[in-house]
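Everything below concerns the one structure shown next.
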Amino acid sequence: MTRILVIDDDEKLLGLLHDYLVEEHYVVHVESDATRGVSRALSGDYALVVLDVMMPMLNGLEVLRQIRQDSTLPVMMLTARGDDIDRVTGLELGADDYVAKPCTPRELVARIRAILRRTQIAVGSDPSAVLLAAGALTMWPEQRRAEWRGARVQFTSTEFRLLEILLRHAGAPVSKNDLSLRALGRPHARYDRCIDVHVSSIRRKLGTLADGRPPILAVHRQGYQLLKE
Amino acid sequence: MIVSTLGLTESHRGPAGGGDAGLDIAASDTVPQATPGAVDESDRREGPPWVPVLTTLLASLATALGMAWYVAKPIRTLRNAFDAAAGGDLSARVAPTIGSRHDELADLGRDFDRMADRLQESMNRQRRLLHDVSHEVRSPLARLQAAVGLIRLKYGAEGPAVERIEEEIVRIDSLVAGLLHLSRLETGDLSGTEDEVDIQDLVREVVADANFEAQTMGRSVSWGTETAGVVSGRAAMLHGALENVIRNALRYATGCNEITVETDVSDSGEHYQLRVLDTGPGVPECELADVFTPFFRSSNSALKDGHGLGLAIARRAIEAHGGTISASNRRGGGLEVSITLPLKQQVPQPPAV
């Protein structure tokens with residue numbers, strides 16, 4: 001069964017979320033302490049972390065930063081509705097997606113499923129994986145492995161999925177809505193910067209092409225395009 | 001006064017470049033062949049009476065200029081600080097530029113600094129309070145929502161009462177979000193960066209969305225002739241502002257089935273003008289100024305579902321972009337909300353290839 005860790009400073013809420021997720025057949029552990037939260041998240045026991053980044057007592061963004069230093073474990077942030085700063089900062093720090101809190105637990109579960117669905121494809125799949133390549137980029141989607149100019153690059157699961165979609169359509173633009181649907185499992189909302197922030201972290205990790213251009217181009221009103229070189 | 005005296009001297013004595021040159025010429029004119037020593041002698045003897053006058057005048061001019069500068073400089077510093085404060089920037093302080101002077105102006109400057117300190121402190125406190133309150137409200141809301149989800153899932157509770165609870169949670173949450181948004185707009189604490197916003201695109205999107213919503217109620221929202229324009233600002237904020245104005249018309253203009261949006265560019269070419277027109281009951285004249293106040297409800301409108309923050313948020317958002325928003329009753333009945341926004345450039349953006 002899939003193991004999920006929920007980190008939040010509201011213990012009463014943790015109790016309710018625990019019961020709800022158990023009803024949804026997940027194995028759930030909850031944690032209200034930041035330091036213990038980080039070490040448990042890094043233990044390798046969990047398939048996904050739900051992290052409240054607005055915790056006043058323990059800085060949720062700092063927890064996220066520490067998790068990301070050592071791990072690409074999928075992280076779902078809980079953010080305040082309307083608080084763009086926390087949301088963008090969290091995405092920049094490598095969170096996979098966010099849910100505005102308060103949210104219905106049904107919505108939370110739907111998002112968790114969307115992320116897990118794409119991370120768990122790799123489990124038990126054919127190791128003689130299909131190789132995708134364009135220019136300096138090579139990806140082995142089944143193994144969650146990506147190389148840029150022959151050197152391995154670490155991506156979070158959402159970044160990996162986005163890059164894979166762009167690579168499958170290399171040379172042609174992919175709309176933000178398509179990217180959002182296929183990588184996050186939800187349609188792109190207007191002024192939602194989620195995809196933009198993820199693409200900009202991918203760009204940062206890849207660097208530039210020989211001629212100084214970024215390998216992923218923003219195409220006005222059409223989305224993003226991976227250059228074939 | 002001083003300048004005119006010098007001018008007289010020059011015109012009387014013949015052409016000369018300036019006051020001092022005029023003096024030299026005067027001296028050599030009087031004693032053409034005398035040695036330098038003799039010049040001094042003759043000066044002392046029969047020295048023209050205006051020389052000390054002129055010297056005094058020049059000295060007082062210099063003193064006056066010095067004094068004026070001495071007084072005007074701190075006043076200018078103060079004015080800049082006041083301007084900054086009025087614009088919401090309370091970080092400007094006067095003391096560092098005043099130095100060690102000890103007069104009324106210096107006292108005034110120090111008073112300003114003290115005032116700015118206290119204002120800033122109370123503003124920070126208010127911001128923190130709002131943030132804390134919203135967090136405190138949202139925590140129990142989140143628990144409530146999780147609890148309702150759980151009784152649905154675990155105990156199979158369904159029905160209008162459960163749905164009502166969920167709807168009210170969403171309502172309280174959006175009210176808290178609206179209040180936080182308004183307070184951020186009021187304190188100028190805006191997130192995101194400014195962009196070039198294609199206002200034609202934006203209006204088209206908002207009108208299309210609103211029309212879609214209106215049609216489910218058998219009504220419509222339409223935009224007459226489209227007007228192109230580019231505004232510098234935050235698209236999401238402008239989008240929200242316009243959406244709030246149109247939604248307000250949809251909500252309160254009872255009996256009005258058609259809401260129209262009109263746009264044009266001001267005669268000066270500097271402003272984008274937008275009007276949202278309905279044929280509803282309008283608002284009593286004495287209440288027109290209040291429609292942009294948070295939680296205002298017109299006596300003309302039946303109690304509706306909105307939380308009364310939409311137009312207040314719209315006003316702050318428009319004003320944050322250097323624009324204006326006002327409401328008036330139309331001659332034939334109905335309300336007109338007019339928005340003007342300063343244009344960045346008038347040329348429509350070419351469509352992307």
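At-a-glance table
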item	result
Selection from the stretch A:202-223 of residues that are touching a residue at least 12 places away in the same chain (Cβ under 8 Å), within 14 Å of another protein chain (Cβ to nearest Cβ) and of a type outside the set (A, V, I, L, M)	A:222, A:223
The stretch B:311-336, residues that are assigned to a loop (DSSP other than H, G, I, E, B) and either open to solvent by 70 Å² or more (accessible area, probe 1.4 Å) or among the aliphatic types (A, V, I, L, M) (or both)	B:330, B:331, B:332
Segments classed as helices (runs of 4 or more DSSP H), wholly inside the stretch A:154-206, with at least 1 members that are more than 24 Å from residue A:109 (Cα to Cα)	A:157-168, A:194-206
Selection within the stretch A:166-205 - open to solvent by 10 Å² or more (accessible area, probe 1.4 Å) and either touching a Phe, Trp or Tyr at 6+ places or on another chain (Cβ under 6 Å) or hydroxyl-bearing (Ser, Thr, Tyr) (or both)	A:175, A:191, A:200
Test for residue A:60: is it over 15 Å from the mean Cα position of the chain (by Cα), surrounded by 20 or more Cβ atoms within 10 Å (Cβ to Cβ), within 14 Å of another protein chain (Cβ to nearest Cβ) and small (Gly, Ala, Ser)	yes
Pairs with Cβ under 7 Å, 6+ apart, first in the stretch B:145-158 and at the interface with chain A (Cβ under 7 Å from one of its Cβ atoms), second among the aromatic types (Phe, Trp, Tyr) and assigned to a helix (DSSP H, G or I)	B:146/A:20; B:149/A:20; B:150/A:20; B:153/A:20
Hits in the stretch A:89-118 - residues which are within 8 Å of chain B (Cβ to nearest Cβ) and part of a helix (DSSP H, G or I)	A:105, A:106
Subset of the stretch A:181-201 [within 14 Å of chain B (Cβ to nearest Cβ) and either touching a Cys at 6+ places or on another chain (Cβ under 6 Å) or charged (D, E, K, R) (or both)]	A:190, A:192, A:193, A:196
Residue selected from the stretch B:171-212 under the condition at pLDDT below 85 and away from chain A (no Cβ under 12 Å), by the criterion farthest from the chain's Cα centre (by Cα)	B:194
Candidates B:101, B:138 - the one that is outside any helix (DSSP H, G or I) and either within 12 Å of chain A (Cβ to nearest Cβ) or of a type in the set (Lys, Arg) (or both)	B:101
Boolean, residue B:267 is part of a helix (DSSP H, G or I), open to solvent by 60 Å² or more (accessible area, probe 1.4 Å) and free of Cβ contacts under 8 Å to residues at least 12 places away in the same chain	no
Any chance residue B:254 is outside any helix (DSSP H, G or I), more than 14 Å from every other protein chain (Cβ to nearest Cβ) and open to solvent by 50 Å² or more (accessible area, probe 1.4 Å)	yes
Among (1) closer than 26 Å to residue B:179 by Cα; (2) assigned to a loop (DSSP other than H, G, I, E, B) - the single one residue B:202 does not satisfy	(2)
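Conditions (1) modelled with pLDDT under 85; (2) within 14 Å of chain A (Cβ to nearest Cβ); (3) within 30 Å of residue B:67 (Cβ to Cβ), marked per residue:
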| site | (1), (2), (3) |
| --- | --- |
| B:115 | no, no, yes |
| B:122 | no, no, no |
| B:160 | no, no, no |
| B:167 | no, yes, no |
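Condition check ((1) within 14 Å of another protein chain (Cβ to nearest Cβ); (2) more than 15 Å from the chain's Cα centre (by Cα); (3) open to solvent by less than 40 Å² (accessible area, probe 1.4 Å)) across all residues:
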site: A:3; (1), (2), (3): no, yes, no
site: A:23; (1), (2), (3): yes, yes, no
site: A:30; (1), (2), (3): yes, yes, no
site: A:45; (1), (2), (3): no, yes, no
site: A:48; (1), (2), (3): no, no, yes
site: A:69; (1), (2), (3): no, no, no
site: A:72; (1), (2), (3): no, no, no
site: A:80; (1), (2), (3): yes, yes, yes
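The values are calculated or read from the model by the stated rules, or taken from the named source; none is laboratory data. The structure presented is a predicted model; accordingly, all values stated were derived computationally and were not measured. For neighbour counting, all protein chains shown are included, and Cβ atoms are generated from backbone atoms with ideal geometry for every residue, glycine included. Heads up: the accessible areas ignore ligands, DNA and RNA and are worked out on the full protein's heavy atoms, side chains in. Shrake-Rupley method; radii C 1.70, N 1.55, O 1.52, S 1.80 Å.
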